[in-house]
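A short reminder: the numbers here are calculations on the coordinates, not readings from a lab. Fair warning: this is a prediction, and the values are worked out from it, not measured in the lab. Cβ atoms come from the backbone with ideal geometry, glycine included; neighbour counts cover every protein chain shown.
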Amino acid sequence: MGESSNEPLRGTIDLLIMRTLSLAPMHGWGITQRIQQATDGVLEVNQGSLYPALQRLEQKEWIDSEWRVTDNNRRAKYYRLTPLGRRALGAETQSWRRLVVAVEQLLRTT
Amino acid sequence: MRGTKRIAMWLRALVSRPTMESELDEEMRFHLEMEAAKHTRRGVSNDEARRRASLAFGSVEQHKEAMREGRGVRGIERAAFDLRFGFRQLRKTPGFTLAAVLTLALGIGGNVAVFSVVNGVLLRPLAFPDPDRLVTIAHRTRGGDLPPTLPNASAADVVYQASHSFDAMALYSSWQGSLAGGDTAPDWVDVTSVTRTLFDVLRVRPALGRPFTAEEDRPRGPRAVILSHALWRQRFGSDPSVIGRTISVDGTMHEIVGVMPAGFAFPTPAIALWVPMRVDRTDLGGFNTPGIGRLRAGVSPEEATRELTQLLPGVTKLTDFLTEKTLRDAGLTTDVHPYLDDVVGRVRPVLWTLWAMVGLVLLIACVNVASLLLVRAETRRREMALRVALGAERGHLLAQSLAESTMLLAMGAGLGVLFAWGAVSVLPRLAPDLLPRLTDVRIDAVVLAATTLVAAGVAVAFGAVPVARNRAVAPASMLRDGDRAATVDRHTGRLRQGLVVAQVAMATVLLVGSGLVLRSFQKLRSVELGFRPDGVVTFRIALPPARYGTPESVAQFHYAMLDRIRAVPGVEVAGATGQLPLSPAFAEFDPLRMEGVTPPPNALPPLAEMRVATPGYFEAMGIPIVAGRALERADTDRQTGAVLVTQSIVRKVMQGRPALGARVAHGVPKVANDRPWSDVVGVVGDVRGVSLDKEPVGAVYYAMINRPGVDMNWLARSMVYTVRTKLPPAQLIASARRQLVQLDPTLPLAETRTMASVVDAARSGMRFSMIGFAVAAVIGLFMGAIGLYGVLSYVTAQRTREIGVRMALGATPASVRVSILRRGVVVSAVGLGAGLTAAVSLRMLAKPLLYGITPTDPLTLAAVSLVLLCAGALAAWLPARRAARLDPVRALRWD
């Protein structure tokens, strides 16, 4: 599949998921759509990375999940950020920003 | 916190696996449908939308697998899968599974049962602090004709006082005594007199009250008694205020000074009372006082033996017939050995040998299951090849094979432990008096751990067999040829035959062992007892000294009671004696002197049993009077005692001198005439006095003596009545009880038994080993035969095509049958040869268990060979017959 260029950087997917969930609880498919929309289609999350990432975050207790009924009356598994996850999101965001600044700096000087 | 959370999640992943799987399914499906719906909204056809969604999504299974891995329990899930797979495999072949499980259950069960006995009786330490330092102090002579006990209480106490090897030393001596006081009727209980140092030796204090004081352990000191916990509970209702109260022991009032803790058992669990021994250092007693000591830390029994042997000559200062030269010539030495040896010494060789035998049975069982698995592996070669061709990892195949054998083992071990549990719980009924420490025998953690360890080892060995067998399989050639290969490859055939030979050899060893014990038992049964036990009923009446203080009253009572018994209709003849034959516990040996005969200087005097008998005893027991006359009632009043001697006394002590009219005396007198001479009035036949397998030691039978100052008096105080009668035993006992109540209502009638049961009990040791060995041997033989049968059947089935060709080419059914039979007999013969060689080289092990035969008893060996060859032929017969009936046309088409 040729979309590899649109895939987020390894390691940032957790950040994207948590950021998305910080707005509202959402199911897996919704998360992918939301990320796509918010980045104007620049970033596309592959299902093969999404679900293992969700499982990982759940094991870390940064998110938790429950089965709910969607607007269209379908059962879906909704993920939600836990308080622990919210704190983690703050820390992750800051470290991401530091990374961006550092990379930007590096790109500018060379 | 995180750790426990993780474990909780793991557990959830394991326990609610089906829920998680279906949730995973639903989540994936939801995602796909939403994706497809998105495409549909954009105007794409439904099918196309679904196609695009799937394309975008990728392989659902792959994602799921990634998620499953993410749960972190993949290994366990796979193991669970393997186990389920193994279970299905086993269920598909119930015959194989049943055979394997039963074989293993028998093998493992036998081992668990015998090991729990070995563990409880031989290995578990005694229930005293530092039990390794507890030793028995005994004595030995070169010829071994002295009972292995101390020369006498006072001598030991005086002579060994100077020893430095011990923290403490004690003497003890047991008997049955009468007990009165407390809440119930008078009763007979087991009493042990001990020196007060016993509590220091064993390092056990009374749970209530105190040990004996030095004062109480002196002759003529205050009378004290310590109760067993069981007696305290039963008779005194566990009342703590019992301390200080008095009870009557053997008619004398004793103050209760202590109660021992529950579980205290010395020297046996039956002992109810302990009293001080009150050793009189001026009086030499009999050769019958066992000693026990606690070694100083770091002192070995050998060092203690050396030191006490050096002190031993001190005993000569106490007596004038023993000189240092006598001791040297007799080779008298002290023998200090672990106390545990005494407790279990008798059964040790039996138990170890029995364990070795059930070990062999387990080996045979293992070989059997291994060859079953091997056969199974052969038939599954095509399946294995297919799976390898389809990409199964060899490691995983090994794991599955292991899972299968583990399950077999688990089922076999589980069933085996059940068998063993059953066996261990009937053991007390099977061998009540036989095994010491029987209460210590149970299936405990140690036993189960050992079982698990053995089973695990066996499982690994088994599991590897089929995989190792199929390792070399090249999938392509296997799939092409399948099972059509006309002959079995040479390697497999040889391996299987080797296994069968080993089985037959082990079965041979088992059969030889049990055959030898069986023959010993037979010999023991035909031992000349010296009396006729059938139709003799016995019971004991003992007279407390407080009520029967004089020898006269004792003799009067017994004569009166005998008169009453003889008057009971149906009683032929009745008599009484101090001690029945074949009761080793209370046998009383002493040196015997003969008037006018000076024993060779510096030799220990010959020993003889001291027994007391009434008129009628010899007739009732069927002991022949060889010369002279039987005892008569008038003998009781004679000025000199009248005695009967046995034939072996005439032979050994009198050395051919005329017995009738000779005068003999028992004892080791410091003053030569402190025990009076008695006239020999008759000679009687020898009886097996102590045990069936020991030659009779000569005995002297004394008449009850109606004269004070004669120590034969106490022997008569407690008498066993022997009644020859046609009445049923219960009816006679009931009549005897009625008579006793009329004579003296305070006396109990004890130890009611038939003489036949006494003889039977004496045989119980040999019977126990015989049953144990026979069971092991029969199982071993059976399994060996099944193994042979299985292998021959399989080989025959494999050779169906070959046999078909031969028959098509003109071989007759008879020749086919002979060829297969020959194979079975040859394999058995080779195994038999190996087994006999092994049995002969192990013969020294069997020696202590045998009686009256040599370990290479030709009759046994011949019988075993015959049985084995017959079993081999029988095992070969069925497959041979099947092969001979083969229809060549069908055989050639057989696949």
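Annotations for the structure displayed:
- Extending 7 Å from Cα along the Cβ direction at residue A:12 and again at residue B:127 yields two label points whose distance is 7.6 nm.
- Spin-label model, residue B:389/residue A:104: points 7 Å from Cα along the beta carbon direction are separated by 6.4 nm.
- Here the simple spin-label model places points 7 Å from the Cα toward Cβ, and for residue B:161 and residue B:268 these points are separated by 3.4 nm.
- Cα-based reach from residue B:92 at 27 Å (exclusive), listing lysines while leaving out same-chain residues under 8 positions away: none
- Potential extension, residue B:92-residue B:873 segment - 0.36 nm per residue separation minus Cα distance: 278.0 nm
- Relative to the longest principal axis of the Cα atoms of chain A, helix A:47-59 runs at roughly 80 degrees.
- The distance from the alpha carbon centre of the range B:229-263 to that of the range B:356-429 is 57 Å, rounded to a whole number.
- Relative to the dominant Cα principal axis of chain A, helix A:13-23 is inclined by about 60°.
- Distance violations [Cα-Cα > 24 Å] among B:317/B:694; A:77/B:64; B:694/B:726; B:523/B:726; B:325/B:847; B:325/B:652: B:317/B:694; B:694/B:726; B:523/B:726; B:325/B:847
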